[in-house]
Structures are given as structure tokens and as C-alpha cells.
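Inspection log for the structure reproduced underneath, given as C-alpha cells.
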Amino acid sequence: MPENSHPAADLPGQPVSRALRPVVIRAIAEAQRRNAPLVEAEHLLLALSTEGDAPVRTALAEAGLDPDGL
């Protein structure tokens, strides 16, 4: 095992980073708003297009994956 890896790093239920937390919360809200039983890629993309860092939002928008394009 690499020196700086944590043995529980790959276990489910681990906390998410501060940067990822708002994206996950927004993705869950998007899934609920659309009455989806699961959070899927489209919900994560929608969340990233509004809550993600500026470079992520820009890259998604340039690919036509902004909130209007999704």
C-alpha cells in the first residue's frame, strides 16, 4: 500500500471533500426534482454545470452541457 494512502479510502460511506459536497447535494436535489429514483450521470452533470468550479462549468458549456443544454 502506498505510504500516504488510507486503508479506508475506498470504502463506501466515506465523507466527500468540501468542494464536492455542494455538487452532490445539488445532484440529489435535481434527481428529486425530476422524480428520479436514483442520482444518475445527468443529475451530476447538471449539478457540475451550476455548482462546479468555473473551469468545469466552462468546459461543460463549451460542449453544450450547460443547464439549458442538458
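Remark: accessible surface ordering of Thr58, Thr50 (largest first) is Thr58, Thr50, probe radius 1.4 Å. Stretching the chain fully between Arg18 and Ala63 yields a gain of 13.6 nm (0.36 nm per residue, less the alpha carbon separation).
The values are calculated or read from the model by the stated rules, or taken from the named source; none is laboratory data. What you are looking at is a predicted structure, and each value in this text was computed from that prediction instead of being measured. When the accessible area is computed, the model is the full protein with side chains, heavy atoms only, and any ligands, DNA or RNA have been set aside. Shrake-Rupley method; radii C 1.70, N 1.55, O 1.52, S 1.80 Å.
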